[in-house]
1. List every residue pair whose Cβ atoms lie under 6 Å apart, where the two residues are 6 or more positions apart in sequence or sit on different chains, the first residue falls within the range 8-30 and is closer than 24 Å to GLU63 by Cα, and the second residue, located anywhere, is modelled with pLDDT of 95 or more and of a type in the set (Lys, Arg).
2. Do you know which of the residues in the range 1-42 that are touching a helix residue (DSSP H, G or I) at 6+ places or on another chain (Cβ under 6 Å) and outside any helix (DSSP H, G or I) is farthest from THR75 (Cα to Cα)?
3. Could you say whether any residue in the range 29-43 is surrounded by 12 or more Cβ atoms within 10 Å (Cβ to Cβ), within 12 Å of the chain's Cα centre (by Cα) and aromatic (Phe, Trp, Tyr)?
4. With the requirement that a residue be open to solvent by 80 Å² or more (accessible area, probe 1.4 Å) and modelled with pLDDT of 95 or more, what does the range 60-82 give you?
Amino acid sequence: ARCVPTGNVLTDTTNGFLMTMDKNVDVFAANIQKDSKLKDGFHCVGFSQGNSLCRGYIQKYNEPPVKTFLSVHGTVSGVAGFPNCNP
């Protein structure tokens with residue numbers, strides 16, 4: 001198993017809020033593509049917002065290919081609210 005963050009310990013969380021999903025997918029894809037252990041494909045497990053990241057990768061890149069995609073408690077049906085954020 002391998003976690004593929006979009007930044008270091010500090011910026012990974014910030015990127016989840018401030019980086020666009022397109023940019024997150026691009027960073028994720030770049031990290032996947034440079035890992036020689038994943039060159040023949042991999043299983044992608046997304047938790048929460050990670051589901052959108054995995055799905056974006058599959059739709060935009062999918063090279064190396066995702067063999068299996070497991071979505072766990074994700075945002076595939078949209079987001080209902082954001083705690084302490086009332087527009």
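1. Going by the 6 Å Cβ cut-off, the qualifying pairs are VAL25/LYS60.
2. Result: GLY7.
3. No, the range 29-43 contains no residue that is surrounded by 12 or more Cβ atoms within 10 Å (Cβ to Cβ), within 12 Å of the chain's Cα centre (by Cα) and aromatic (Phe, Trp, Tyr).
4. Those that are open to solvent by 80 Å² or more (accessible area, probe 1.4 Å) and modelled with pLDDT of 95 or more: LYS60, TYR61, GLU63, LYS67.
The values are calculated or read from the model by the stated rules, or taken from the named source; none is laboratory data. Note that the structure is a prediction, hence the values are computed from the model and not measured. Every residue, glycine as well, gets a Cβ built from its backbone with ideal geometry; the counts of neighbours run over all protein chains shown. These accessible areas exclude ligands, DNA and RNA; they are computed on the full protein's heavy atoms, side chains included. Shrake-Rupley method; radii C 1.70, N 1.55, O 1.52, S 1.80 Å.
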